[in-house]
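Below is one structure; the comments refer to it alone.
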């Protein structure tokens, strides 16, 4: 398959396992240069080795917790230093765990930080360059509900859906 990504630069969050890891592999196979991100550095290292072992360009890696308020700026700085610019942003980080209605605010705040705020801040970091180049893609991996009862990820992912829809109306005319 040729997705015409050769020469494109991508940032992919949530790459330690599952969907994010496979997205990083596909982007590398298609010729994109990548910065892969997850909390667990040892899993990023195995991903780098897998990709390089398959004969594709070794991705850059950054182990960081996207729930940290300063993380988006660090991701931006690392991406621009390693890649020069970013054409594709894949927001895949996040997840859920059962969250009781009466859970402390900190539990809910942490879920919103990684599942929504990080998505918004990363887009905000890379959108100016995408708009300037009149080409960019922001892909948000979300779901409409989470198994296991009440949890904080569901409302946060719903916020991503609403925000992304509004954002697309604002930046679509710029090729993003």
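Going by Cα centres, the stretch 1-47 and the stretch 62-102 are how many Å apart?
Between the Cα centre of the stretch 1-47 and that of the stretch 62-102, the gap is 13 Å.
Once you've got the GNM for the chain with C-alpha springs shorter than 10 Å, pick whichever of 111, 103, 16 has the biggest mean-square fluctuation.
Maximum fluctuation in the GNM of the chain, among the listed residues, is at 103.
How would you rank 131-141, 159-169, highest first, on the average number of other Cβ atoms within 10 Å across their residues?
In decreasing order of mean packing, 131-141, 159-169 become 131-141, 159-169.
How large is log10 I(q)/I(0) at q = 0.20 Å⁻¹ when the Debye formula is applied to the Cα atoms of the stretch 39-95, each weighted equally and without solvent?
For the stretch 39-95, the Cα-only Debye profile gives -0.89.
State the Kirkwood hydrodynamic radius of the chain in Å, one decimal place, computed from all pairs of distinct Cα atoms.
16.5 Å
Per the Debye formula with a single identical scatterer at each Cα and no solvent contribution, what log10 I(q)/I(0) holds for the stretch 100-176 at q = 0.12, 0.14, 0.16 Å⁻¹?
The computed values of log10 I(q)/I(0) come out as -0.40, -0.51, -0.63.
Compute the acute angle (0 to 90°) between the alpha-carbon long axis of helix 118-133 and the principal axis of greatest extent of the alpha-carbon atoms of the chain; round to the nearest 10°.
30 degrees
Give the percent of DSSP beta bridges with both residues in the chain that are antiparallel, rounded to the nearest 5.
Roughly 5 percent of the DSSP beta bridges within the chain come out antiparallel.
Based on Cα positions only, what radius of gyration and what Dmax would you give for the stretch 102-145, in angstroms?
Gyration radius and largest Cα-Cα distance of the stretch 102-145: 14.1, 46 Å.
Pick from 17, 101, 36: which residue has the top mean-square fluctuation in a GNM of the chain where Cα pairs under 10 Å get a spring?
In the Gaussian network model the winner is 101.
Read-outs: derived from the displayed coordinates by stated rules, not from any lab. In this text the structure is predicted, and so the values were computed from the model without any measurement. Note that each Cβ is placed from the backbone with ideal geometry, even for glycine, and that neighbours are counted across all protein chains shown.
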